[in-house]
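*Asks:* Structure incoming, see below.
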Amino acid sequence: MSEKILSRNFERPDAYTLAAYRATGGYQAWDKAQGMEPAAITEEVKKSNLRGLGGAGFPTGMKWSFIPKDHAGPVYLVVNADEGEPGTFKDRYILERDPHALIEGMLIAARAVRCALGFVYIRGEYVTPWRVFSGAVREAYDAGLLGQGFDVVVHRGAGAYICGEETGLISSLEGKKGWPKVKPPFPAIKGAFGMPTIVNNVETLACVPHIVNRGAAWFAGLGTKTQGGTRMYSVSGRVNRPGVYEAPVSVTLRQLIYDHAGGVSATGRLKAVVPGGSSAPILTADEIDVTMDVDGLRNAGSMIGSAGVVVFDESVSVPDALAVVARFYAHESCGQCTPCRESTGWIEKQVKRIAEGKGRKDDLDTILDVASRGAGTTICAFYDGAVGPYISYIKKFRAEFEALIPK
Amino acid sequence: MPKLTINGKDVEVPPGTNLIEAARLAGFAIPHYCYHPGLSIAGQCRLCMVDIEKTPRPTIACNTLAADGMVVNTETDRVKETRRSIMEFHLINHPLDCPVCDQAGECWLQIYYMRHGLYDPRMTDEKVHKPKAVPLGPHVMLDAERCILCSRCVRFCDEITRTGEIGIFNRGDHSEIGLFPGTDLANRYSGNVVDICPVGALTDRDFRFQVRVWYLDTAKSVCPNCARGCNIDVHVNHRRPHHNEGRRVARLKPRFNAQVNKWWLCDEGRYGFRFVDDPDRLSLPAGKNGGPPAATTWDDTIRSLAETLEGARPDEIGVIASPRMSNEDLFALRRLTERLGVTHVGFRVPPAKPADDDDLLLRADRNPNTQGAELVGVGADAKPILDAARAGRVRVLWVFHHDLFASAWHEVEVRQALERVPTVIWSGTNANRTSELAHWVLPSAAWVEREGTFTNFQGRVQRFRRAIEPLGDARPDWDVIGRVLAALGAEVKATRAEHWFQELASTVSAFAGMTYRTIGDSGQIVAAAQEAATR
């Protein structure tokens, strides 16, 4: 097993305290960053090949560099802690077990983009992470780490998946309905409260202190050519040891399942894997020799997304699984864009019928056609995320669906 | 100014123009639902997709600004296919109840389905059901199943009236528009949400189920209910006289005028037309000869009026003109008072309760032509005339349109005045307490029954056209005044409102050079106001 970086303190029962964090080298990066020019921090992050770990995989340093240099008003840093992608639970570990890593990452990022106020938008269901993280924020204030030119507001969401989409999150943070915003303008130009805003995922920011401490070259060297570092994979479903596993992004899906998560449980025979949260197209058992970085999975026709790995063994019914997924997307569509609003519900009805043995001959082709027509036509990536499972489950397991449709 | 190419046609547009407007300027219509030029960009209906060279997939035109060198194509196969898909998505859960929907005939779902849809429906599952026939306020009815959630009404109430009554509630295909708890859609501009609703979700409670829209005829006009003079279309029902409860005017709709009202119309104006077909409309001239008023003919009436006026000394005649009269009426009246040498002329009668204005359209002056009355020259304050009448110094008093009992003047004084004057002539459209005390009651054609012009508070002269025939023997005021002038021996050439306007334009310098043609559909500013604007 490789070196644990992000999860190095997860086993310490007191890891959430400032004392424990300091004892393991915490806030040294912040001390170092305070001696660095903001542009130099951004440059270092760029060179580290750190990519957003929330789902889209956008290069973090490049994102920071989009903040207009000549902007006179405030710039905001928003932390996306609305971890809602089904199959993903790694940010929860950071918030609960290493909250100061996020605070330190925020401090450094704020310096890089000249920001004085950060918001942490925590998923409403994450009560314990919210409690623990809020405690860490209080500790950081008491220790004079926060409140000295950078303040943090902790904000709880109210349970909508779409508020994890960065502009939906911003709308919600602004007190509005959590509707994604039309782009352009992008948040870096006009984000929260109309000001330039950086939205970063929890884990992404937790990487930043390590980059500052140990250098961009070291971080880049941990990963692949196009993505640096390690990341935390949430592995769930039919595996012997479900959990969060940190590994370099060059790890393969096979290694994750068999080496880290202890292999396939139940029947013991692997059927399929969702590699990056529910929105990632499904992979069959013989497609698991892929590296778990942004480009590796893109080349395999799927996506790394939030690195939530869901394992299906032979006993799992793919139509039943799609019915669950389709219900999720129909329930969580914000309803703003017509294609997504109308067809997530329609597809849910069709998949449910099929799974219940009431499918019709044309249903599968209709779903595939509707999904591909709607893909790429909406404001945000939610619908494309729904299309991933709709199309891949049916295309890769068509016979299983057809067997359920009465002749 | 960005120069771009749309469907192979070069076009230059003002900076900040989006592709929907740029295409419009180039002569191409891009279908859209949520976009409205008067509201912010929502970008959510997804229908206005176009292909832009060097972009990987179709892009929404509403949120894309025209840029120099851009090559746009609105009719590629890919765009057409996308539109067809988006139309299908819009209609998946739509109830398709066109036969009982008021919007039918002017519904953009129908129009765009025929232009851009024409697919075979595939949706066979149970549709999502939502509330129907929900009153949102005094004027607007909601059918949430027909709603396509374009959010125009929401943005209108957020951005234009800033009253924020409407929101979109719930999520996904259960999303529906509705009122925030404790609110009513009762702002002064609520009827506009019906106009901007592209489908049958928001309908007008006043107009619902009255006439099918394809039976309506339309005439360009101007709202007579305040000094702004919002541009409107008058929709009238000639073809199904048994519909609309026998009323001829079915509804008023705002007509775009960038300088006056943009796309909007207030509710007071929108629903202020009912008097035209009310039972108290006057349709025959009537005179009292010591008894109850008896209907008579215009010929007899004009002859008697001329005799009465000739029989009085100029200082015994009082004329209370009205800022509800058109420029043409007022100019004819000025001719009459000049010929008779009348000095007791005025038009200002203060309302009982001063009306209020707002920062959108409504003006405190609820008359359409105060500016015109001032420019044409028919006196000013009418109070001295009332006082002279009370003092017994007036033998003939001609009152136009005012109900003096509904004014700020004391009721006792009004009654004294009307009872002391031997001959009270009253011209107007509908009977009121003043007309009841008059010796002659002359039915005026309502503004929708005749041509004319009003001058709004900005000094903008605006035409209104005839939408329907005058009721019974009602006549435009200029016609009655002109015939009295003729009976008095004056040479009157004018036989149409336009002729009176020509005379006005050649007499009063503010109107110099104006014709009905130059005024056109969007009005023309009078000379004085023009000078003030350039000063």
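Conditions (1) aliphatic (A, V, I, L, M); (2) under 23 Å from the mean Cα position of the chain (by Cα), marked per residue:
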residue	(1), (2)
A:Leu6	yes, yes
A:Arg22	no, no
A:Gly26	no, no
A:Ala39	yes, no
A:Glu43	no, no
A:Lys46	no, yes
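*Asks:* Checking A:Thr226 against (1) touching a helix residue (DSSP H, G or I) at 6+ places or on another chain (Cβ under 8 Å); (2) β-branched (Val, Ile, Thr); (3) crowded, with 23+ Cβ neighbours inside 10 Å: exactly one of these is not met. Which one?
*Replies:* Tallying (1) touching a helix residue (DSSP H, G or I) at 6+ places or on another chain (Cβ under 8 Å); (2) β-branched (Val, Ile, Thr); (3) crowded, with 23+ Cβ neighbours inside 10 Å, A:Thr226 fails exactly one: (3).
*Asks:* List the number of the failed condition for A:Ala101; all other conditions in (1) small (Gly, Ala, Ser); (2) assigned to a helix (DSSP H, G or I); (3) in contact (Cβ under 8 Å) with a residue 40 or more places away in the chain; (4) farther than 16 Å from A:Tyr16 by Cβ hold.
*Replies:* (4)
*Asks:* Something else now. Tell me, which helices (runs of 4 or more DSSP H) wholly within region A:321-407 include 1 or more residues that are touching a Gly at 6+ places or on another chain (Cβ under 8 Å) and within 12 Å of another protein chain (Cβ to nearest Cβ)? Don't jump to the end; show me each part of the working.
*Replies:* Values: elements: A:338-355, A:363-374, A:382-396, A:398-402.
Of the helices (runs of 4 or more DSSP H) lying wholly inside region A:321-407, those with at least 1 residues that are touching a Gly at 6+ places or on another chain (Cβ under 8 Å) and within 12 Å of another protein chain (Cβ to nearest Cβ) span A:338-355, A:382-396.
*Asks:* All but one of (1) within 21 Å of B:Glu12 (Cα to Cα); (2) away from chain A (no Cβ under 11 Å); (3) surrounded by 15 or more Cβ atoms within 10 Å (Cβ to Cβ); (4) without any contact (Cβ under 8 Å) to a residue 40 or more places away in the chain hold for B:Glu53; state the number of the condition that does not hold.
*Replies:* (3)
*Asks:* Kindly indicate whether A:Arg298 is basic (Lys, Arg) and either within 13 Å of another protein chain (Cβ to nearest Cβ) or closer than 27 Å to A:Pro242 by Cβ (or both). Walk me through how you get there before you give the answer.
*Replies:* On the way: basic (Lys, Arg): yes; either within 13 Å of another protein chain (Cβ to nearest Cβ) or closer than 27 Å to A:Pro242 by Cβ (or both): yes.
Spelling it out, A:Arg298 is indeed basic (Lys, Arg) and either within 13 Å of another protein chain (Cβ to nearest Cβ) or closer than 27 Å to A:Pro242 by Cβ (or both).
*Asks:* Has region B:178-194 got any residue that is aromatic (Phe, Trp, Tyr) and either in contact with a helix residue (DSSP H, G or I) (Cβ under 6 Å, 6 or more places away or on another chain) or in contact (Cβ under 8 Å) with a residue 40 or more places away in the chain (or both)? Let's see the steps before the verdict.
*Replies:* Here is the first cut: in region B:178-194, the residues aromatic (Phe, Trp, Tyr) are B:180, B:189.
Subset that is either in contact with a helix residue (DSSP H, G or I) (Cβ under 6 Å, 6 or more places away or on another chain) or in contact (Cβ under 8 Å) with a residue 40 or more places away in the chain (or both): B:189.
Checking region B:178-194: at least one residue is aromatic (Phe, Trp, Tyr) and either in contact with a helix residue (DSSP H, G or I) (Cβ under 6 Å, 6 or more places away or on another chain) or in contact (Cβ under 8 Å) with a residue 40 or more places away in the chain (or both).
*Asks:* Would you please name the residue that is modelled with the lowest pLDDT, looking only at residues in region B:317-359 that are surrounded by fewer than 19 Cβ atoms within 10 Å (Cβ to Cβ) and more than 30 Å from the chain's Cα centre (by Cα)?
*Replies:* B:Thr343
*Asks:* Please specify each residue of region A:137-169 satisfying the condition of being among the hydroxyl-bearing types (Ser, Thr, Tyr) and touching a residue at least 24 places away in the same chain (Cβ under 8 Å).
*Replies:* Taking region A:137-169 first, the residues among the hydroxyl-bearing types (Ser, Thr, Tyr) are A:141, A:161, A:167.
Residues satisfying the conditions are A:Tyr161, A:Thr167.
*Asks:* Given B:Asp125, B:Asp120, B:Asp102, B:Asp158, which one is away from chain A (no Cβ under 14 Å) and of a type in the set (Asp, Glu)?
*Replies:* On the way: B:Asp125 fails: away from chain A (no Cβ under 14 Å); B:Asp120 fails: away from chain A (no Cβ under 14 Å); B:Asp158 fails: away from chain A (no Cβ under 14 Å).
Answer to the selection: B:Asp102.
*Asks:* Further question: Among the residues of region B:163-180, write down those that are acidic (Asp, Glu) and away from chain A (no Cβ under 12 Å).
*Replies:* B:Glu165
*Asks:* Of everything in region B:470-514, what is under 22 Å from the mean Cα position of the chain (by Cα) and under 25 Å from B:Phe275 (Cα atoms)? Give them in sequence order.
*Replies:* Hits for region B:470-514 are B:Pro470, B:Leu471, B:Ala474, B:Arg475, B:Pro476, B:Asp477, B:Trp478, B:Ala497.
*Asks:* Answer with yes or no whether A:Val318 is at pLDDT below 95, within 30 Å of A:Val249 (Cβ to Cβ) and more than 10 Å from every other protein chain (Cβ to nearest Cβ). Write out each step before concluding.
*Replies:* Numbers: at pLDDT below 95: no; within 30 Å of A:Val249 (Cβ to Cβ): yes; more than 10 Å from every other protein chain (Cβ to nearest Cβ): yes.
Judged against the criteria, A:Val318 is not a match.
*Asks:* Just for strands (runs of 3 or more DSSP E) wholly inside region B:385-477: which have at least 1 residues that are closer than 19 Å to B:Glu498 by Cβ and touching an Asp or Glu at 6+ places or on another chain (Cβ under 6 Å)? Give the steps one after another, and end with the answer.
*Replies:* Working: elements: B:396-400, B:423-428, B:440-443, B:452-455, B:460-464.
Qualifying strands (runs of 3 or more DSSP E): B:452-455.
*Asks:* For region B:67-99, how many residues are in contact with a helix residue (DSSP H, G or I) (Cβ under 9 Å, 6 or more places away or on another chain), over 26 Å from B:Asp204 (Cα atoms) and within 14 Å of chain A (Cβ to nearest Cβ)?
*Replies:* 9
*Asks:* Now, a different point. Mind checking which residues of region B:9-26 are in a loop (DSSP other than H, G, I, E, B) and under 17 Å from B:Met49 (Cα atoms)? Step through it out loud before you land on a result.
*Replies:* From region B:9-26, those in a loop (DSSP other than H, G, I, E, B) are B:13-17; that's our starting set.
B:Thr17, the sole residue that qualifies.
*Asks:* While we're on this one: Exactly one condition in (1) under 24 Å from A:Ser234 (Cβ atoms); (2) more than 10 Å from chain B (Cβ to nearest Cβ); (3) assigned to a helix (DSSP H, G or I) is not met by A:Gly305; state its number.
*Replies:* (3)
*Asks:* With the requirement that a residue be aliphatic (A, V, I, L, M), closer than 26 Å to B:Leu361 by Cα and surrounded by fewer than 24 Cβ atoms within 10 Å (Cβ to Cβ), what does region B:146-176 give you?
*Replies:* Looking only at region B:146-176, we keep the residues that are aliphatic (A, V, I, L, M), and these are B:148-149, B:154, B:160, B:166, B:168.
Still in the list and also closer than 26 Å to B:Leu361 by Cα: B:154, B:160, B:166.
Selection gives B:Val154, B:Ile160.
*Asks:* Continuing with this model, one more query. When region B:105-114 is examined, which residues are found to be free of Cβ contacts under 8 Å to residues at least 60 places away in the same chain and either within 14 Å of chain A (Cβ to nearest Cβ) or buried (at least 17 other Cβ atoms within 10 Å of the Cβ) (or both)? Please lay out each step first, then the result.
*Replies:* Going residue by residue through region B:105-114, those that are free of Cβ contacts under 8 Å to residues at least 60 places away in the same chain are B:110-111, B:113-114.
Answer for region B:105-114, where residues must be free of Cβ contacts under 8 Å to residues at least 60 places away in the same chain and either within 14 Å of chain A (Cβ to nearest Cβ) or buried (at least 17 other Cβ atoms within 10 Å of the Cβ) (or both): B:Gln110, B:Tyr113.
*Asks:* If you don't mind, another one. Taking region A:159-183 only, how many residues are surrounded by fewer than 17 Cβ atoms within 10 Å (Cβ to Cβ) and either at pLDDT 95 or above or more than 18 Å from A:Leu95 (Cβ to Cβ) (or both)? Explain how you work it out, then say what you get.
*Replies:* Here is the first cut: in region A:159-183, the residues surrounded by fewer than 17 Cβ atoms within 10 Å (Cβ to Cβ) are A:159, A:174-176, A:183.
Imposing the further condition that a residue be either at pLDDT 95 or above or more than 18 Å from A:Leu95 (Cβ to Cβ) (or both) reduces the set to A:174-176, A:183.
The qualifying residues number 4.
*Asks:* Quickly run through region B:17-40 and pick out the residues that are surrounded by fewer than 17 Cβ atoms within 10 Å (Cβ to Cβ) and either within 13 Å of chain A (Cβ to nearest Cβ) or of a type in the set (A, V, I, L, M) (or both).
*Replies:* B:Leu25, B:Ala29, B:Ser40
*Asks:* All but one of (1) at the interface with another protein chain (Cβ under 8 Å from one of its Cβ atoms); (2) more than 23 Å from A:Gly55 (Cβ to Cβ); (3) in a helix (DSSP H, G or I) hold for A:Asp286; state the number of the condition that does not hold.
*Replies:* Unmet condition: (1).
*Asks:* Tally the residues that are of a type in the set (A, V, I, L, M, F, W, C) and touching a helix residue (DSSP H, G or I) at 6+ places or on another chain (Cβ under 6 Å), restricting the search to region B:458-480. Can you show your working first?
*Replies:* Going through region B:458-480, the residues of a type in the set (A, V, I, L, M, F, W, C) turn out to be B:461, B:464, B:467-468, B:471, B:474, B:478, B:480.
Next, from what is left, pick out any that are touching a helix residue (DSSP H, G or I) at 6+ places or on another chain (Cβ under 6 Å): B:461, B:464, B:467-468, B:478.
Of the residues in region B:458-480, 5 are of a type in the set (A, V, I, L, M, F, W, C) and touching a helix residue (DSSP H, G or I) at 6+ places or on another chain (Cβ under 6 Å).
The values are calculated or read from the model by the stated rules, or taken from the named source; none is laboratory data. In this text, all values refer to a predicted model and were calculated from it rather than measured experimentally. Glycine gets a Cβ as well: all are built from the backbone with ideal geometry, and neighbour counts include every protein chain shown.
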